[in-house]
Every structure is written in structure tokens, then in C-alpha cells.
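Input: a single structure, listed below in C-alpha cells.
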Amino acid sequence: MLKWFDRLENRRLLRFLLLFALGWIGVQLLKFFATVVLIFLFSAILAFLLNYPVRWVERYLPHTAAVTLVFLGALAIVIGVGLTLGFGIIGQLQELLSTLPDQVDTWINLLNDIQRWLERWNLEIDFRQIESELRNYAFAGLEFGFGKLQFVFSLLLESIIVAVITFFMLLDGQRLWQYLLSFLPEPWQERVPRDLQRNFLGFFWGRFLLSLFFGVSVFIILLLLRAPYALALAAIAGAFDLIPGIGATLGIAIVSLILLPKGLALSFKVLVGCILLQQVEENILMPRIMRNSVNLNPVILFLALLVGATLAGFVGVFLAIPITGTLVSLFKLEALQAGHQTLRPKTAADQPPAN
């Protein structure tokens, strides 16, 4: 019994208990303030990225003038890209949603053909439940199309809030950040900014670059294959690629299913091309772009995704991995990182044979 208490009262167990308590508190806060956290997180990421050109412009202008010039320039670029690409994507999405009932009918007819083919082999499988779900998805897509104005207005309002917060973070955010860090113990005042920058800013910036590459590449493939709705489908693939782990696979599957009514050959060609792009992204680009970002064991990564999606939905999917990576780095939980090998004590079998 005494040995059990000795094992219980050690530094490692206390570290795990503290990690669990912090995780529970973070989950509860995330549930209540998910939108607020996401807005401030995007603002912090934009402020961090814009801080580099601000430092360069400060060589020639005062701080306030440099921040204003860089912010207005970035805002002009975002508005220009949004007006050129945004309306094109929205127009194609609207056209795609209008044809969604016809596509669902095509999928249902395909399921009926498969069911009749299976009945010839005495395999009775009822696809009526799947057909019902497909019709429900079609109605949900139409409802989303009708409520698009409200969605666009809400997105525009949140974008304005993000822009305002980003401007003031660039203007005077450093002093506030140093004040908040002053409440932490002295060793953590250096570790917290470093780990947050690597896990949050590095993760989101890396995912953005990878998703941009994937979306642009898918758009080129769709243009070469003369697929319809190329801009909208590429935007869908790029948006899903933001989700780490399974996002690219989900995006490829959705794009292929949308193009299936346009022809099996076209859908198969797009599927093969997107899979090749995914291999290039994951095996060539990702190790180079994300090497200084989140370092998590794949099992822990997918566990964090599932927990984040269960607790906070879409927002939790994006925040789960950088939060987990930050906690693992702060508490130095090397066993939960990728590539870590647990060392075991040497036994007599491990000793080299005597000469």
C-alpha cells in the first residue's frame, strides 16, 4: 500500500492531473466563447503575419504610419481578391445548389441499378434509408441557398470585427501581451510565447499554405479535364483541406461525388488526379512546411480531432490540434509527440556476448 502511495505522489502524475484540469477548463470556456475565441485567434494570426511588413516599413516611417499603411494595403488586397474570386465562387455554388435535386435523383437511380444487380446474385440490400438521407441533404442544400444572404451578412460582420481587432493588435498589442505574460512564472514567460507561436501561428499558417496549394492545383486539374463548377469545387476541396488528417480525403470524395452525375469517367479522372495531388502535399510539401509546427503522435492527433469536433463542432476541429500541441510542448510530454521512442531498461538479453 505504501508503494502505491509513493507512485501516486510523483511529479509526473501531478503533471497529468494539472493537464487534465486545464483541458477541462479550456473545453468549458470554448463551449461558451467559441465564436469570440475564433475571432481573436484569426485576428492574432493576421496581426502576427502583418507584423513582418510593419517592421520593414518602420525603417522609413513612424510606427503608427507603418501600421496604417500596411493594414490598408492588406485590406485592399483582400477586398480585391474577394470581389474577383468570391463572387465567382458564390455564383457557381448557387448554380450547383440549384442542380442538387437532379444530382440526387441521378444518385438514387444509380443505387437502384446497383440494388437490382445485387438481387440477381441473391443479395438483398435495402438502399431506401440511403435514398432518404440523400433527399434530406438535397433539401438542406436548398435551405442553405435560400439563407445565403443571412450567412453572407454574418460573415461580413465578423470579418469587419476581425479587421478592427487586427488593426489595434498591430498598433498596441505588444504592450498588452507583455502585461499578460507578466502574471506567469518567470520560466514560462519565454516558453509560452514560443510554444504558442509554433503550435498556433505555425499550424494555421502551414495549413493555409497547404490548402492554398491543394485548392489551386485542384482548380487546374478541373480546368484541364473541362469539369463544370471548377472554381466552386476547387474552393470546396481547399476548404476541407484545412482540416488536418482527413480533410483532403473528405474534399476529394465530395468533389468526385458531385461530378459523378456528369460522367463516371470524368469523376474517376478527377479522383485519381486529386489523390496524386494529396500524395504530393502530404509527402513532399507537408514535412517542409509543417516541420516547425505541431508535433503530435498520429493517434493523439486524431483523438484531439474527435474530442474537438464532439465538444465544439466545426470550431473545435480547427482549435483541437494547436491547443493539444501547445499543452504537450508546455508540459514536455515527449511520449505524446511524433517519433518518440519509449526507452526501456536494458536486460541481460540486450548485453553484447562476451568474447
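The values are calculated or read from the model by the stated rules, or taken from the named source; none is laboratory data. Keep in mind it's a predicted model, so treat the numbers as computed, not measured. Cβ sites come from the backbone with ideal geometry, for glycine too, and all protein chains shown count toward neighbours.
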| query | Are any residues in the stretch 237-265 part of a helix (DSSP H, G or I) and surrounded by fewer than 21 Cβ atoms within 10 Å (Cβ to Cβ), and if so, which ones? | reply | ALA239, THR249, LEU250, ALA253, ILE254, SER256, LEU257, LEU260, PRO261, LYS262, LEU264, ALA265
| query | Which one of ARG207, ARG194 is part of a helix (DSSP H, G or I), among the basic types (Lys, Arg) and surrounded by fewer than 18 Cβ atoms within 10 Å (Cβ to Cβ)? | reply | ARG194
| query | Limited to the stretch 277-313, what total is found for residues that are assigned to a helix (DSSP H, G or I), of a type outside the set (A, V, I, L, M, F, W, C) and surrounded by 15 or more Cβ atoms within 10 Å (Cβ to Cβ)? | reply | 3
| field | Whichever residue in the stretch 60-116 is at pLDDT 80 or above and aromatic (Phe, Trp, Tyr) and, among such residues, is nearest to LEU46 (Cα to Cα) | value | PHE71
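Can you tell me which residue within the stretch 314-333, out of those that are in contact (Cβ under 8 Å) with a residue 24 or more places away in the chain and within 12 Å of the chain's Cα centre (by Cα), is surrounded by the fewest Cβ atoms within 10 Å (Cβ to Cβ)? Please lay out each step first, then the result.
Initially, the stretch 314-333 is screened for residues in contact (Cβ under 8 Å) with a residue 24 or more places away in the chain, giving 315-319, 321-331, 333.
Among the residues that remain, those that are also within 12 Å of the chain's Cα centre (by Cα) are: 315-319, 321-322.
Details: VAL315: 18, GLY316: 21, VAL317: 21, PHE318: 22, LEU319: 23, ILE321: 26, PRO322: 25.
It comes out as VAL315.
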| message | For the stretch 289-329, which positions are within 20 Å of ALA21 (Cα to Cα) and modelled with pLDDT under 75? | response | LEU311, ALA312, GLY316
| Can you tell which of ILE161, ILE221 is on the phi < 0 side of the Ramachandran plot, touching a Gly at 6+ places or on another chain (Cβ under 9 Å) and either at pLDDT 80 or above or outside any helix (DSSP H, G or I) (or both)? | ILE221
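Can you tell me which residue in the stretch 43-57 is surrounded by the most Cβ atoms within 10 Å (Cβ to Cβ), limited to those that are under 13 Å from ASP172 (Cα atoms) and among the small types (Gly, Ala, Ser)?
Filtering the stretch 43-57 down to residues under 13 Å from ASP172 (Cα atoms) leaves 44, 47-48, 51, 54.
Checking which are among the small types (Gly, Ala, Ser) leaves us with 44, 47.
Values: ALA44: 19, ALA47: 22.
Per the stated criteria, the residue is ALA47.
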